[in-house]
Amino acid sequence: MRKLRIGMISFAHSHAFSYYRQLQLIENAEVTAIADLHYDRVKAIVERDHVQFYPDHLELLKLPDIDAVIICSENRHHAALVTDSAKAGKLILCEKPLGTGRVEMRQMIDICHELQVQLMTAFPCRYLSSVIRVKEAVAQGEIGEVIAVKGYNRGGMPGGWFVDPAQSGGGALLDHTVHVADMLNWMLGVQPRVVHAEKGTLFHDIAVEDSGMVHLEYDNGVIGVIDTSWSRNPVFPYWGDVKLDVIGTEGIIRMDAFAQVNEVYSIEQGRARYSYFGDKMDYYMLQDFVNRILDGRPVAITGEDGYAAAEVALSAYDYLENRT
């Protein structure tokens, strides 16, 4: 069996650890090298699994046996790492948001096109069965013509570099808006033409916003709202949610992507929690990425898709800056 040989660049984002675990379950993929500025962050993986380690990502990119890379760095490094990877001829899966600014994202996309390197944006929510079913229902007209949508992505405050605007490019408005914006762009087949927003720092003493409401108007007349926040405190039973309400002329769809949970009452933890048993969205996304690359097919979620989702968040920041 031919395997896709993967190098992982940076474990700064916690999603990298999930991606690494899921890749161990994919028969036609193999993580052969890791690059990270901080060895301690990946020491357990490197020493347990005997994975090649490089403190400099450029050394990893020189390896001839690496077919593709997965980038999970701080947001501000995405552009440089994607550019370096494209120049090395490596296929790329980049963590969301694709970038922190429009110019850098366009440059990333353009250089990948120029060098004929595939660039995929990591939006695993597209692989949730409930999300897929909503898209199918909308496409088939099951609720008539869509007139309004509301999306929710509310989670815990991640801390670390996420709350440093120089590293992240923004707070919850950027971090959580992009997931829902991508789902809505994908389902509706259009991008919003008008974006209004509110944001605030309501739950934590941090340097970026931890809450926001993004209001959208689409070219096809649909209006939308995205409720985005880091409002879940440590005793909340699950890390967060991904929900959609889709209102049509003939019905309403309400979707809760993480509703498949068991309630666990733990004396050891001292609180109730949810044990999720539903779709393994990271696994499905990674398996699709691997299969498409090995089959010579285009990736499912392109750099352009990543740009379009980030554009919603950046337009929200523009609105707030221009309003004041």
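The values are calculated or read from the model by the stated rules, or taken from the named source; none is laboratory data. Values in this document were obtained by computation on a predicted structure and should not be read as measured data. No Cβ is skipped: glycine too gets one built from the backbone with ideal geometry, and neighbour counts run over all protein chains shown. Remember, those area values only see protein heavy atoms, side chains included, never the ligands or the DNA or RNA. Shrake-Rupley method; radii C 1.70, N 1.55, O 1.52, S 1.80 Å.
Run down the lysines and flag those whose C-alpha is under 27 Å from the C-alpha of residue 62, throwing out any fewer than 8 positions away in its chain.
3, 43, 87, 90, 96
Which whole-Hz couplings ³J(HN,Hα) result when phi for each residue of segment 247-252 is put into the Karplus expression 6.51 cos²θ - 1.76 cosθ + 1.60, θ = phi - 60°, listed in order with x for Gly and Pro?
9, x, 6, 10, x, 10
Under a Cβ-only charge scheme (Lys and Arg +1, Asp and Glu -1), can you give me the dipole magnitude of the chain about the Cα centre, in debye to the nearest 20?
The dipole magnitude comes to about 420 debye.
Return a whole-number percent for the relative contact order of the chain, with Cα pairs under 8 Å and 6 or more residues apart as the contact set.
19 percent
Among 156, 315, 276, whose Cα projects farthest towards the positive end of the dipole of the chain, with charges put on the beta-carbon of Lys, Arg (+1) and Asp, Glu (-1)?
276
Out of the total accessible area of the chain (probe 1.4 Å, heavy atoms of protein only), what percent is carbon and sulfur?
Its accessible area is 50 percent carbon and sulfur atoms.
Given axes a ≥ b ≥ c from the Cα gyration tensor, I'd like to know whether segment 87-235 is rounded (a/c under 1.5), prolate (a/b larger than b/c) or oblate.
oblate
Using a 1.4 Å probe, what is the accessible area per residue for the chain, in Å²?
Accessible surface, normalised per residue, equals 45 Å².
What is the set of long-range amide H partners of residue 53 at a cut-off below 5 Å, with H atoms built 1.01 Å from backbone N?
34
Solvent-accessible area of residue 239, probe 1.4 Å, all protein chains present, reported in Å² to the nearest ten, please.
Its accessible surface works out to 110 Å², give or take rounding.
Ordering 110, 84, 295, 205 by accessible area with a probe of 1.4 Å, largest first, what comes out?
These residues rank, largest area first, as 205, 295, 110, 84.
Given only helices, namely DSSP H runs of n ≥ 4 each adding -39500 (n - 2.57), what is the per-residue ellipticity at 222 nm of the chain, to the nearest 500 deg cm²/dmol?
The helix-only estimate for the chain comes to -10500 deg cm²/dmol at 222 nm.
Can you classify segment 44-86 as rounded, prolate or oblate using the Cα gyration tensor, where a ≥ b ≥ c are the square roots of its eigenvalues, rounded means a/c under 1.5, and otherwise it's prolate if a/b beats b/c and oblate if not?
Oblate shape, in that a/c is at least 1.5 and b/c is the bigger or equal ratio.
Sort out for me the Cα centre separation of segment 134-171 from segment 68-108, rounded to whole Å.
Each part's Cα centre sits 21 Å from the other's.
Using a Gaussian network model of the chain with C-alpha springs under 10 Å, which one of 44, 68, 148 is most mobile by mean-square fluctuation?
44
Determine the distance separating the Cα centre of segment 275-302 from the Cα centre of segment 221-274; give it in Å without decimals.
The distance from the Cα centre of segment 275-302 to that of segment 221-274 comes to 23 Å.
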